[in-house]
Amino acid sequence: QQPVQSPQAVILREGEDAVINCSSSKALYSVHWYRQKHGEAPVFLMILLKGGEQKGHDKISASFNEKKQQSSLYLTASQLSYSGTYFCGTVPDNYGQNFVFGPGTRLSVLP
Amino acid sequence: EAQVTQNPRYLITVTGKKLTVTCSQNMNHEYMSWYRQDPGLGLRQIYYSMNVEVTDKGDVPEGYKVSRKEKRNFPLILESPSPNQTSLYFCASSLTGTLYEQYFGPGTRLTVT
């Protein structure tokens, strides 16, 4: 069962902020975030492990609430280069080593 | 250059004709995985391999086989392809397990007529 991502799509102007949410019905050990530009392979952004850890680099950060089985990706002061589709990849909290990705959120940043 | 390579990049074939998509990584990674990507569905894991001795099914393994005879290679085999296997396929690898980032190959676009 795939995690749910919201919103499905979002359009921003340069400099605006965005939040992308990922919600699972299963207990999670970790959440991975990837960005995929059109016609390219997904590229890793960050991993969040069980423990409610918040991470970030540059103007992209993320949080993970293991009790709610939810993660959020925060993009602040968006740049044109942030455009793409963002996927959360979840790892179940059952010693499994498989990934279950969400359907993706398409982000478009306009000048 | 550290990378994951896939071949072929594009393939058009007919129903029932066996095919293999190769995947190779030069980073000495233990974990390798195959995904298919379809519009609106994101990435769905087909198979993954923890190491050369352990391979397991992902969410959508039906109609696919994999083989991990050596650490660097992880081919995807479609013994009897069907039109519903038309998709974009990605191979990925990570250092070990799910605690590390995955590096994705460039993708293979497969069309089965």
Would you check if B:PHE90 is modelled with pLDDT of 95 or more, within 27 Å of A:LEU45 (Cβ to Cβ), within 14 Å of another protein chain (Cβ to nearest Cβ) and in contact with a strand residue (DSSP E or B) (Cβ under 8 Å, 6 or more places away or on another chain)?
yes
How about the stretch B:96-113: which of its residues are at pLDDT 95 or above, surrounded by 14 or more Cβ atoms within 10 Å (Cβ to Cβ) and either touching a Leu at 6+ places or on another chain (Cβ under 6 Å) or part of a loop (DSSP other than H, G, I, E, B) (or both)?
B:GLN102, B:GLY105, B:PRO106, B:GLY107, B:ARG109, B:LEU110
Go through the stretch B:55-95 and count every residue that is part of a loop (DSSP other than H, G, I, E, B) and touching a residue at least 60 places away in the same chain (Cβ under 8 Å).
5
Which condition number in (1) buried (at least 17 other Cβ atoms within 10 Å of the Cβ); (2) over 14 Å from A:ASP17 (Cβ atoms); (3) within 14 Å of another protein chain (Cβ to nearest Cβ) is the one that A:TYR95 fails?
(1)
Can you name every residue in the stretch A:6-60 that is part of a strand (DSSP E or B), touching a residue at least 24 places away in the same chain (Cβ under 8 Å), farther than 22 Å from A:ASN94 by Cα and within 14 Å of chain B (Cβ to nearest Cβ)?
A:SER6, A:ALA9, A:ILE20, A:TYR34, A:ARG35, A:GLN36, A:LEU45
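Which is away from chain A (no Cβ under 12 Å) and on the phi > 0 side of the Ramachandran plot, of B:ASN28, B:ASN7?
After ruling out the rest, the residue left standing is B:ASN28.
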Of all residues in the stretch B:31-54, which are within 10 Å of another protein chain (Cβ to nearest Cβ), aliphatic (A, V, I, L, M) and either over 14 Å from B:GLY107 (Cβ atoms) or not in a strand (DSSP E or B) (or both)?
B:LEU41, B:MET50, B:VAL54
Residues of the stretch B:55-86 classified as crowded, with 19+ Cβ neighbours inside 10 Å and away from every other protein chain (no Cβ under 14 Å), total:
6
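The values are calculated or read from the model by the stated rules, or taken from the named source; none is laboratory data. As the structure is a computational prediction, the values presented were derived from the model and not from experiment. We place every Cβ from the backbone using ideal geometry, glycine too, and count neighbours over all the protein chains shown.
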